[in-house]
1. Select from segment 84-98 the residues that are touching a Ser or Thr at 6+ places or on another chain (Cβ under 6 Å) and β-branched (Val, Ile, Thr) and list them in ascending order.
2. Within the bounds of segment 128-150, is there any residue that is surrounded by 15 or more Cβ atoms within 10 Å (Cβ to Cβ) and farther than 29 Å from ILE60 by Cβ?
3. Go over the candidates ASP154, ASP123 one by one and state the one that is acidic (Asp, Glu), more than 20 Å from GLU79 (Cβ to Cβ) and modelled with pLDDT of 90 or more.
4. Test ASN171 against the stated conditions and say whether it is in a helix (DSSP H, G or I) and more than 14 Å from the chain's Cα centre (by Cα).
5. Of the conditions (1) at pLDDT below 95; (2) in contact with a strand residue (DSSP E or B) (Cβ under 7 Å, 6 or more places away or on another chain), HIS139 satisfies every one except a single condition; which number is it?
6. I need a count of the residues in segment 41-55 that are surrounded by fewer than 16 Cβ atoms within 10 Å (Cβ to Cβ) and at pLDDT 95 or above.
7. Which condition number in (1) at pLDDT below 95; (2) in contact with a helix residue (DSSP H, G or I) (Cβ under 7 Å, 6 or more places away or on another chain) is the one that TYR86 fails?
8. Report the residue count in segment 96-132 for those that are free of Cβ contacts under 8 Å to residues at least 60 places away in the same chain, assigned to a helix (DSSP H, G or I) and not basic (Lys, Arg).
Amino acid sequence: MNRKKSANNHPCKLRRSSATYYLNNSMDKLKVILVLLFVSNPFTGTSQEMQPLKLKELIIQVSDTLQNSGNTIQFLYKERMLICIYDENANRMRIISPIVEREQLNEDQLLNALVANYHSALDVKYALSDEIIWSVFIHPLKELSEHQVLDAIDQVWNAAKTFGTTYSSTNLVFPGNTKKKETQPPKKLLNKT
């Protein structure tokens, strides 16, 4: 008998199709496993969900004194006044500290603060509002971690303390032209409320 083999029944063709089926099936399983890992992993795709109550608890841990009024927490940290303002609806928060009145500064001091905003005031920036220079940390509220809140408090304090000298919020400095003109430190605002 002379049987004609069809192209679809060729042994190599069958092996290839079953291998392809197995590979596709395995890839589908791998995709499902990866999706499940991604969704269940607490370090990916999820926010910290910082809440105002937790924010206040963290501030209480490190502050000397505290006054709370609505969405504003005013507190002393290492004898300097800091203010935390948050807005849940806008998902924003800021920690600020007043440093000096604008009229007490010369142009070099303002330029030094701008240079520091790029090189040495890392997560904190110097800002001017209502004719007062402030050290300011601004961040989305819900995405904050506990560590970031505590670090922000320390950086705001450091930036306010070093204004007029090193203009820095930490010991880290980004490379580049970080030379600042030597100036006399300005008279600071009252540190205590």
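The values are calculated or read from the model by the stated rules, or taken from the named source; none is laboratory data. These numbers were taken from a predicted model, which means no experiment stands behind them. Note that each Cβ is placed from the backbone with ideal geometry, even for glycine, and that neighbours are counted across all protein chains shown.
1. If we filter segment 84-98 for residues that are touching a Ser or Thr at 6+ places or on another chain (Cβ under 6 Å), which is where we start, we get 85, 97.
The answer is ILE85, and nothing else.
2. Looking for residues that are surrounded by 15 or more Cβ atoms within 10 Å (Cβ to Cβ) and farther than 29 Å from ILE60 by Cβ, one finds none in segment 128-150, hence no.
3. Numbers: ASP154 fails: more than 20 Å from GLU79 (Cβ to Cβ).
After ruling out the rest, the residue left standing is ASP123.
4. Details: in a helix (DSSP H, G or I): no; more than 14 Å from the chain's Cα centre (by Cα): yes.
No, not satisfied.
5. Condition not satisfied by HIS139: (1).
6. From segment 41-55, those surrounded by fewer than 16 Cβ atoms within 10 Å (Cβ to Cβ) are 41-47, 49, 51, 53-54; that's our starting set.
Next cut, at pLDDT 95 or above only: 51, 53-54.
Matching residues across segment 41-55 total 3.
7. Here TYR86 meets the rest and fails (1).
8. Of the residues in segment 96-132, the ones free of Cβ contacts under 8 Å to residues at least 60 places away in the same chain are 102-103, 107, 110, 113-114, 117-132.
Imposing the further condition that a residue be assigned to a helix (DSSP H, G or I) reduces the set to 102-103, 107, 110, 113-114, 117-119.
From what's left, not basic (Lys, Arg): 103, 107, 110, 113-114, 117-119.
Residues that pass the stated criteria total 8.
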